[in-house]
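Accompanying notes for the structure given below.
The values are calculated or read from the model by the stated rules, or taken from the named source; none is laboratory data. Here the structure is a predicted model, which is why all the values come from computation and not from measurement. Neighbour counts run over all protein chains shown; Cβ positions are idealised from the backbone, glycine included. Just so you know, the surface numbers come from the protein's heavy atoms only, side chains and all, with ligands and any DNA or RNA stripped out. Shrake-Rupley method; radii C 1.70, N 1.55, O 1.52, S 1.80 Å.
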Amino acid sequence: MVEIGWRGHRHLLSIDQFSRSDIEDVLGFSRKLRPFSGEGSELSILRGRILKPMFFEPSSRTIDRHTGAILTMGGKYNPPLIPEASSMEKGESEEDTVITAAQTSDILAIRHPERYAPHKFAKLIDNLKSNTARVINCGDGSNEHPTQTLLDFYTIAEELGTLDGLTWLIVGDLEYGRTVHSLVKGIQKFSGNKVIGFPVDELRLPQEYRPNGYHEFNFDDLANVASEIPRGARVVLYATRVQVERIARKRYPDYDNLDEIKKKEIQNGIYKEFKYQITFKLLDALPEKTRLSHPLPRGNEIGNDVFNSHSPKVVPIGQMRYGLPVTMAYLALFSGLEEMLHEPERYVTSQPIALQTV
Ligand code: CP
């Protein structure tokens, strides 16, 4: 039997499992690791540990920050699971595939289209006679994306200096957006926050995720509400993509069996139905201490002009960079290595090499 580990949880499955002080500690360790999270630095904290990316759904950011974090911390990763190139193609079940990976990897970073699938796999591993592998939930269907919330919190804490007393304007697909679900649960652990939802059309926040004091308006009311926010307020405008693939699956039961061209056609049609966009006009109407945050990927909800701007109010690109130290921190914590995070500078194996300028 393995020692349980980080604050009573062997696996990282839900934001619910973190107390306020757990989250503050993850963010504190992320801050300590940030100077080592890029530009050639390497640490030995996770030397000998192997991570297996098991993404049963596509990803750009989450998969890369996990492989990037394990390498930066001195560990390795096994090739990311590609179901069609694995023994699943010969009929092996997902369960057996996960059990197999747990025999050769220490950390399984799992994303799956079904709600609670990583929880199910974690239980399976716990019931094995002997196994020490840990599961990180990298997104379970439309339920949660807890590691995204840790990095969203880190972003806002760095940008606005606090996670208390904020006004959170949460916009877009609140029904299927798993980053929103973890986020609103997490916000409740801090104090004095107001959470106001602005779903596009009927993509409203399900009851099970609604925090106390939650208010919801239509997206079209956002400009009016924005104009009434006191100028001194600290505001997070958290925009999200419409999860067209989940809406498509609900509408077309055989969606997953359609060819890629047909899928794109359906997705584009759904995008057109749920049009909304964050403009500079809206950002200008919000207080100075506002940050536009987005977990990405984006659809049309943030245009290129806003996305690529250097405005201090626009943080989605920086948010991706913040993801690396946060991932490094929780991978080490869930590997039982908290002690080493107090003085990461003791474990530096390679220093950044200054790039030559011409
Ligand atoms: N934010 C996020 O989960 O992005 P990916 O889907 O690219 O991993």
Give me, ordered by chain and number, the residues 5 or more places off Lys194 or on other chains with an amide H under 5 Å from its own placed amide H.
Leu166, Thr167, Trp168
For the range 146-319, what is the accessible area per residue in Å², given a 1.4 Å probe and the full set of protein chains?
45
Overall dimensions of the range 137-282 as given by Cα atoms, namely Rg and Dmax in Å:
16.2, 52
Can you compute log10 of I(q)/I(0) for the range 172-223 with the Debye formula, treating each Cα as one identical point scatterer, at q = 0.14, 0.16, 0.28, 0.31 Å⁻¹?
-0.32, -0.42, -1.16, -1.31
For the range 76-148, taking Cα atoms only, what is the radius of gyration to one decimal and the Dmax to the nearest whole Å?
12.0, 33
Given the peptides 77-86, 310-319, arrange them by the average over their residues of other C-beta atoms within 10 Å, most packed first.
310-319, 77-86
Taking a threshold of 29 Å on the Cα-Cα distance, which of the pairs Lys250/Lys281; Lys32/Lys120; Lys52/Lys123 fall above it?
Lys250/Lys281; Lys32/Lys120
How much accessible area per residue does the range 23-97 have, counting only protein heavy atoms and a probe of 1.4 Å, in square angstrom?
48
Antiparallel versus total DSSP beta bridges in the chain: what percent is that, nearest 5?
10
For the chain, set up a GNM with springs between Cα atoms under 10 Å and report which of Ala133, Ala248, Ala239 has the largest fluctuation.
Ala248
Cut-off 12 Å between beta-carbons: net charge of the residues surrounding Thr100, Lys and Arg +1, Asp and Glu -1
-3
Where the only charges are on Cβ atoms (+1 Lys, Arg; -1 Asp, Glu), what is the dipole of the range 146-319 about its Cα centre, to the nearest 20 debye?
200
Quick one: if the Förster radius is 45 Å, what FRET efficiency do Ile317 and Ser130 give, using the C-beta to C-beta distance and rounding to 0.05?
0.55
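Can you send over the carbon and sulfur percentage of the accessible area for the chain, probe radius 1.4 Å, protein chains only?
About 49 percent, which is the carbon plus sulfur part of the accessible surface.
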Out of the DSSP beta bridges found with both residues in the range 108-249, what percent are antiparallel (nearest 5)?
5
Given an 8 Å cut-off on Cα distances and at least 6 residues of separation, report the relative contact order of the chain as a percent.
22
The range 266-358: GluC sites (Glu not before Pro) falling in loop per DSSP and having at most 15 other Cβ within 10 Å:
Glu288
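Using 0.36 nm times the number of residues separating Glu345 and Lys76, minus their current alpha carbon distance, what extension gain do you get?
Gain on extension, Glu345 to Lys76, equals 94.8 nm.
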